[in-house]
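Worksheet: the structure to be examined is printed underneath.
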Amino acid sequence: MNKQTPNQLAQWKEEWRQGFAREKARILICAGTGCVANGSLEVYKAIKQEVEARGAFVTIDVLLEKEEETGVAVVKSGCHGFCEMGPLVRLEPSGVLYTKVKAEDAAEIVEALLRDGKPVERLLYRHPVTGEVYAEEEEIPFYRHQQRTALVHCGHIDPEEIREYIADGGYEGLYKAITEMTPEQVCQEIIASGLRGRGGGGFPTGRKWELTRIEESDQKYVVCNGDEGDPGAFMDRSLLEGDPHRILEGMAIAGYAIGADEGYIYVRAEYPLAVQRLKKAVADAEEYGLLGKNILGTGFNFTVKIKEGAGAFVCGEETALLASIEGKRGMPSPKPPFPAQSGLWGKPTLINNVETFANVPQIIVQGADWFNRIGTKNNAGTKTFALTGQVANTGLIEVPLGTTLRQVVFEIGGGIRGGKKFKAVQIGGPSGGCLTEEHLDLPLDFDSLQAAGAMIGSGGLVVMDESTCLVEVARFFMNFTQNESCGKCVPCREGTKRMLEILQRAVDGEGRPEDVEVLQDLAEAVRDGSLCGLGKTAPNPVLTMLKYFKDEYIAHVVDKKCPAGVCSALKGYWIDPELCKGCSKCARNCPVNAISGEIKKPFTIDETVCIRCGACVSTCPFKAIKEG
């Protein structure tokens, strides 16, 4: 294999593209973490066995030896995104998507494909409200309203097969950058694209690259931040699992642009599938001369190492992450100096997150103008979100920046489960804030969210319905943040602890009216006085709760009521006299004798004695006991 010829990439692309084009059909089984957990590997094995039993199984190595169309390829893909419906199986070239597939469905799927190509209707997606059946993936509302750029390969190629990535244009961005552009031109192209960092604050990516490029040093580094620690977030994990070569290519382009020959991917050790696929991708890229020394014979050198993190949330902060790579305790450092001036081992270092790097190759190939046409002014491109919570369709989505919350929740997400009323969305995880019904038409972009007191963060979207207690949600996130605080600075270490104590009192029914003002002051002090970005954004869930749901908090601490009926310490029980038959069963099962009455007449509950254990609710045969 000649690894040192600049035009070798084009030769590989054409040869392998023609090879894959000879497949009569392709069966893609989702092998992202979510589908794997639901048994997709068993589905893969069963489908492969069925195809092999019929003598139809084919691989790229076989296809390269053939001149005619032949066989069915059975491959494992990355995450398709529609996690709610997994395991997922996609057929090509028809685009048919099967949902909730089991291993025992394999024979029927293969038989139908080989017989006449007609889909197995019972495995197709059926809309939960209208009952409409959708055969093709792109027609399903969950997918139809998305625009996939960073996720374009996820679910459509085998992430462990470099030849599939190259056949679909992979590494063309790197080739163009190192053969047709100067490092300065690459930086200017990223600046012109308007790409902003997808890891949280939305800092202009090209500006960060240029600041690192102009630093003079004998050594520079590129670091990919894959430390995705937000509860409910899995965007970076899915990209690393489903399209690892795209991340490597983006990093190599960045290395060329800033003058670095070494890169690190910092990824959580609890992402074993992502780590496994990254290691294989690095090895394959080195074998084909796309990483390492003298890449494609151009004289450009770039190597990538994988650093597995221990799972500390604070290591998502860039200076703490760098300390962890160096073998130190992951704790933030004051800025300046910024990593662009003094980062890894005191050398200029460029840090971007996974999704940011995933956008780079397409920008170089298709140009800054192409990227700028997506999204809105000052918010170019798309953004991935992990859509979870009380929404009908959960999963990984990608939409243009500027898409409204209403479109995400009700068009892509299919609305609220069980026909309940929308209440709020927690966006950006522990560093984000709540968006309410009044924000449904708010554009989801960096600037609009910041003005509303929230932030995109890494892209977690947790949808909540009317049965959710926002005080408990704020307590949950504060508990998470307090546990994850590195403890280096007093405002974060002590302030989050005091805020958690106040919120805990509120949900325990021991809140005090004066706590409202104290909680507000504490949140602002932590925001203004913390050392790093994580500490500064830790109070956001509390601040937005107090801003948009203050009445709910006051109800907890003044009225000792939880309007959502969630906080057990604040639950009250009463007996509906219209439904009570006076059987006395509730009274006989009450452990504290809080229920009294006469047989065949409505009973009553003494709230001063009731311990809110719920025993009466479970024993009443007439459903006469209500909460409230």
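Relative to one another, the C-alpha centroids of region 130-176 and region 319-391 are positioned 22 Å apart.
Applying a DSSP loop filter and a limit of 12 other Cβ atoms within 10 Å to the chymotrypsin sites (Phe, Trp or Tyr not before Pro) in region 226-316 leaves nothing. Go through (1) 149; (2) 166; (3) 241 and flag the label whose value is the computed volume of the Cα convex hull per residue in Å³ for this structure. This structure yields the entry labelled (2). May I ask for the distance between the Cα centers of region 557-621 and region 470-535, given as a whole number of Å? Cα centroid of region 557-621 versus Cα centroid of region 470-535: 34 Å apart. For region 386-484, trypsin sites (Lys or Arg not before Pro) are listed when DSSP marks them as loop and at most 12 other Cβ atoms sit within 10 Å of their Cβ; the list is Lys421.
Loop-located trypsin sites (Lys or Arg not before Pro) in region 537-609 (DSSP state other than H, G, I, E, B) with a sparse environment of at most 10 neighbouring Cβ atoms within 10 Å: Lys600.
One Cα centroid belongs to region 49-72, the other to region 190-244; the line between them spans 40 Å. Secondary-structure-derived ellipticity at 222 nm for the chain, considering helices only, amounts to -11000 deg cm²/dmol, per-run term -39500 (n - 2.57) for DSSP H runs with n ≥ 4. Take the Cα of Lys118, step 7 Å toward its Cβ, do the same at Asn372, and the gap between the two points is 5.2 nm. The dipole here belongs to region 470-557: it is taken about the Cα centre, uses +1 on the Cβ of Lys and Arg and -1 on the Cβ of Asp and Glu, and is about 360 debye.
Listed values for region 362-371 are Karplus-derived 3J(HN,Hα) couplings in whole Hz (6.51 cos²θ - 1.76 cosθ + 1.60, θ = phi - 60°), namely 5, 5, 5, 6, 9, x, 5, 4, 4, 5, and x replaces Gly and Pro.
Across the chain, the longest run free of exposed loop sites, meaning GluC sites (Glu not before Pro) lying outside DSSP classes H, G, I, E and B with no more than 15 other Cβ atoms within 10 Å, spans 327-465. The percentage of C-alpha pairs in region 1-156 whose separation is greater than 22 Å is 45%. Projecting the alpha carbon convex hull of region 434-476 along each direction and taking the average yields 3.4 nm². Geometric descriptor of region 487-628, per residue, is 118 Å³ (volume of the convex hull of the Cα atoms).
According to the Cα-based calculation, Rg over Rh for region 238-339 is 1.00, with Rh computed by the Kirkwood formula. Computed from backbone phi, the HN-Hα couplings of region 230-237 come to 5, x, x, 9, 8, 5, 5, 4 Hz, rounded to whole numbers (Karplus: 6.51 cos²θ - 1.76 cosθ + 1.60, θ = phi - 60°; Gly and Pro given as x). Computed over every Cα-Cα pair of region 71-126 and binned at 10 Å starting from 0, the pair-distance distribution P(r) comes out as 21, 61, 18, 0 percent.
Phi angles of region 203-212 translate, via the Karplus equation with coefficients 6.51, -1.76, 1.60 and θ = phi - 60°, into HN-Hα couplings of 5, x, 5, x, 5, 4, 4, 5, 4, 6 Hz per residue; Gly and Pro are given as x.
With each label modelled as a point 7 angstrom along the Cα→C-beta vector, the Thr298-Lys497 pair spans 5.3 nm. Across the chain, Cα pairs under 8 Å and at least six residues apart give a relative contact order of 11 percent.
After finding the eigenvalues of the alpha carbon gyration tensor for region 162-372, what semi-axes result from the square roots of 5 times each, listed largest first in whole Å?
After diagonalising the Cα gyration tensor, the semi-axes are 23, 20, 17 Å.
Proximity of backbone amide H atoms, modeled 1.01 Å from N, is registered between Gly433 and Ile427, Met455 at under 5 Å, excluding neighbours fewer than 5 places apart on the same chain. As I understand it, the value is the acute angle between the Cα axis of helix 183-193 and the longest principal axis of the Cα atoms of the chain; what does it come to in degrees, rounded to 10? Taking Cα atoms only, the helix is inclined about 40 degrees. Remark on Thr149: its backbone amide H falls under 5 Å from none of the residues 5 or more positions apart or on other chains, H modelled at 1.01 Å from N. Taking amide hydrogens as placed 1.01 Å from N in the peptide plane, the amide H of Ile306 sits under 5 Å from those of Ile265, each at least 5 positions away in sequence or on another chain. Classify region 401-481 from the C-alpha gyration tensor, please: rounded if a/c falls under 1.5, else prolate or oblate depending on whether a/b exceeds b/c. Oblate is the answer for region 401-481, as a/c is 1.5 or above yet b/c matches or exceeds a/b.
Taking the alpha carbon gyration tensor of region 571-627, multiplying each eigenvalue by 5 and rooting it gives semi-axes of 15, 11, 10 Å, largest first. Set the bar at 20 Å for Cα to Cα. Now go through Lys307/Lys488; Lys45/Lys66; Lys176/Lys220; Lys335/Lys536; Lys66/Lys118 and name every pair that lies beyond it. Pairs exceeding 20 Å: Lys307/Lys488; Lys45/Lys66; Lys176/Lys220; Lys66/Lys118.
Every number in this text was worked out from the coordinates using simple rules, so none of it is lab data. If you're wondering where the values come from, they're calculated on a predicted model, not measured in any experiment. Positions of Cβ are backbone-derived with ideal geometry, glycine not excepted, and every protein chain shown enters the neighbour counts.
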